[in-house]
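Working notes, structure below.
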Amino acid sequence: MESRNKMKHVCACVFAAMLTACVLAGCAQGSATSSAEASSASAAASSDAEPVVGTGQYTKLVENFHNTDLGNGWQPTGSMQLDYATCFTIDYFEGGYQLACLYDGGRYLIVPEGAEVPEGIAEDIVVLQQPASDLYLVASDTACLFDALDAIDTISVSGIKPEDWYISAMTDAMENGSIIYGGKYSAPDYELLVSSGVKLSIQSTMINHMPDVREKLVELGIPVFVEMSSYETEPLGRAEWVKLYGALFGKDDLAAEQFQKQVKQVEAIDATPTGKTVAFFYINSNGGAVVRKPGDYVTTMIAQAGGTYAFDDLDAAESGTSSVTLEMERFYATAKDADIIIYNSSIDGSIDSLADLLAKNELLGEFKAVQDGNVWATDQNMYQQMMESGGIIADFNAVVNGATGELTYMRQLT
């Protein structure tokens, strides 16, 4: 636990172009001009590479993006305590104002309900009125945070189709019409967003690949909030993002309570190393094996469950993303003796049986885990359940300790 807590000083995620700037992702509101907003949006989307996750030379210290200068002389009175999350900060100001800083330099001033937007604030700061409402939610992994905070009703438009949600509250809301589909991140229905009175768009970092879309949203008066919890290397760091959303909704106490539930669940898991090696991957359309980089939150979950990630020796500098695609020859050499295979069906949902897996590549039949019957697949809902991190780690723990059958987030392939 102590070693994990030390990680709070490091955010293991970086854009090369962002190492020298702190305000590339903000879009100004209030005093900012349209040209300034457009410039800010374009700067945030200038890199196609997602930030590297993991430890080592590819790290970004909190102080590189933590900027409390509002531009009007206000000084913070305190900061939110974060035990695991390293890719955002929240600072408090007189009058209940809060400033959220994100690792890409985005800054968001949360204005208390009924309070005025302060004058003279820096143009890069996005102003968000508390409590947040009338949202266009595109970042699918955050819906569980809304659900945990009983805040699904703050969403009016979804960027995800009903059939692609694995959060029952979201599915139900879309079926009864209280949340409507407004187009995906790359092709939103602008007319619908405006007519629905959308006040804030919560996007995944995929919006950084669509500068024109981001600029158009800002032009329409819809601020863009870029969600980055997936870049936390610590699973509980992802879950701790519930505190940021608690600040948006004025539900700080509930957020802290929900987070502590996850902490207690993880602490109750016996993380004693079992010596079992785990290969976690999926096969892409080109036949390559896509594996997670060492040190990202999935591989950390495996370690916290008592397993050893089969690709722990992978060079973390091989690409700018959290995953690496290996040719089958290299994948075979590394993973053929792994004790356990866990197929990532959250990305590739085409696997329902062992036969489906072997149809991907017949070489998989020679793997030790296949021959021993230790082959599992994640359910497709796993990536939408960061507020169930404890339960997911518990499933990993059950697998490395010899469980059989179906668990909550994983099923055995036969």
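Within region 118-152, which residues are among the hydrophobic types (A, V, I, L, M, F, W, C), under 20 Å from the mean Cα position of the chain (by Cα) and in a loop (DSSP other than H, G, I, E, B)?
A132, V138, A139, L149, A151
Going residue by residue through region 220-228, is there one that turns out to be within 18 Å of D134 (Cβ to Cβ), in the same structural domain as T142 (by TED's automatic domain parsing), of a type in the set (V, I, T) and under 17 Å from the mean Cα position of the chain (by Cα)? First the steps, then the outcome.
At the first step, the residues of region 220-228 found to be within 18 Å of D134 (Cβ to Cβ) are 220-225, 227.
From what's left, in the same structural domain as T142 (by TED's automatic domain parsing): 220-225, 227.
With the extra rule that they be of a type in the set (V, I, T), the set shrinks to 222, 224.
In the following step, the residues that additionally are under 17 Å from the mean Cα position of the chain (by Cα) were identified as 224.
Looking for residues that are within 18 Å of D134 (Cβ to Cβ), in the same structural domain as T142 (by TED's automatic domain parsing), of a type in the set (V, I, T) and under 17 Å from the mean Cα position of the chain (by Cα), one finds at least one in region 220-228, hence yes.
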message: Would you confirm whether or not region 112-126 contains a residue that is within 28 Å of G390 (Cβ to Cβ), in the same structural domain as S196 (by TED's automatic domain parsing) and out of contact with any Pro (no Cβ under 7 Å at 6 or more places or on another chain)?
response: no
task: Return the pairs, sorted by first residue and then second, in which the second residue is loosely packed, with under 14 Cβ neighbours inside 10 Å and not polar (S, T, N, Q), the first residue lies in region 169-184 and is touching a residue at least 24 places away in the same chain (Cβ under 8 Å), the beta carbons are less than 6 Å apart, and the residues are 6+ apart or on different chains.
output: Y181/K161
task: Starting from region 271-286, keep only residues that are under 24 Å from S323 (Cα atoms), then list their pairs with residues that are at pLDDT below 95 and in a loop (DSSP other than H, G, I, E, B) whose Cβ atoms are within a distance under 6 Å, requiring at least 6 positions of separation or different chains.
output: Y282/N344; Y282/I347; Y282/D348
query: In region 175-283, which strands (runs of 3 or more DSSP E) lie fully inside it and hold 3 or more residues that are touching a Ser or Thr at 6+ places or on another chain (Cβ under 8 Å) and either surrounded by 16 or more Cβ atoms within 10 Å (Cβ to Cβ) or of a type outside the set (S, T, Y) (or both)?
result: 224-226, 277-283
task: Among the candidates T77, T86, single out the residue that is polar (S, T, N, Q), buried (at least 22 other Cβ atoms within 10 Å of the Cβ) and either touching a residue at least 60 places away in the same chain (Cβ under 8 Å) or over 20 Å from I207 (Cβ atoms) (or both).
output: T86
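The rows are residues; the columns are (1) at negative phi; (2) at pLDDT 95 or above; (3) buried (at least 23 other Cβ atoms within 10 Å of the Cβ); (4) small (G, A, S).
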position: A115; (1), (2), (3), (4): yes, yes, no, yes
position: A122; (1), (2), (3), (4): yes, yes, no, yes
position: Q129; (1), (2), (3), (4): yes, no, no, no
position: Y136; (1), (2), (3), (4): yes, yes, yes, no
position: F146; (1), (2), (3), (4): yes, yes, yes, no
position: T154; (1), (2), (3), (4): yes, yes, no, no
position: Y166; (1), (2), (3), (4): yes, no, no, no
position: D172; (1), (2), (3), (4): yes, yes, no, no
- prompt: Out of the residues in region 89-111 that are in a loop (DSSP other than H, G, I, E, B) and without any contact (Cβ under 8 Å) to a residue 60 or more places away in the chain, which is nearest to Q203 (Cα to Cα)?
  reply: Y97
- prompt: Mind checking whether some residue in region 176-193 is of a type outside the set (G, A, S) and either outside the structural domain of E215 (by TED's automatic domain parsing) or under 29 Å from D253 (Cα atoms) (or both)?
  reply: yes
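The values are calculated or read from the model by the stated rules, or taken from the named source; none is laboratory data. On a predicted model such as this, the values are computed, not experimentally measured, just so you know. Positions of Cβ are backbone-derived with ideal geometry, glycine not excepted, and every protein chain shown enters the neighbour counts.
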